[in-house]
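The values are calculated or read from the model by the stated rules, or taken from the named source; none is laboratory data. If you're wondering where the values come from, they're calculated on a predicted model, not measured in any experiment. Cβ coordinates were reconstructed from backbone atoms using ideal geometry, including for glycine residues, and neighbour counts include every protein chain displayed. Ligands, DNA and RNA are excluded from the accessible area calculation, which covers all protein heavy atoms including side chains. Shrake-Rupley method; radii C 1.70, N 1.55, O 1.52, S 1.80 Å.
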Amino acid sequence: MSLRFCPRCGNLLSIEQGPQGHRFACSTCPYIHNITHKISSRTYYKRKEFIDVQSSSAAWEGVDSTDERCPQCSHPRAYYMQLQTRSADEPMTIFYRCCDPKCMYTWREG
């Protein structure tokens, strides 16, 4: 339900039962407006797109690399990125991907 404001004084209108049905009424001035039809609206929000860090090669384009040894093949360097995977008051999660094109193993810090 959206809020309605008085066109005379600008205060918030309330809904009350009147002699002819429901109506908007201002508590400050004598403004009254009878409700003659149902007022409704809906907003459909688009779901957030989920990026699968484990398998999406697009997510790893243009990321930096660092000295981090791959637990799978022992390659000395790995790409890394930080993502907020939990609530905002929790620290970000660091994901790594092996720089060796034959391995490309992905893991998280921890």
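Structural descriptor for the chain: relative contact order 13 percent, calculated from alpha carbon pairs under 8 angstrom and at least 6 residues apart. Over all pairs of different C-alpha atoms, the stretch 1-43 has a mean inverse distance whose reciprocal, the Kirkwood radius, equals 11.0 Å. Under 5 Å from the amide H of G18 lie the amide H atoms of R23, each residue being 5 or more positions distant or on a separate chain, with H modelled from the backbone and absent for Pro and chain starts. Net charge in the neighbourhood of Y80 (other residues with Cβ under 11 Å of its Cβ; Lys, Arg +1, Asp, Glu -1) is -1. The amide H of L13, built 1.01 Å from its N in the peptide plane, has R4, F5, C6 as neighbours under 5 Å, considering only residues 5 or more places off or on other chains. When all protein chains stay in place and ligands, DNA and RNA are ignored, the 1.4 Å accessible-area order of L12, L3, L83, largest first, is L3, L12, L83.
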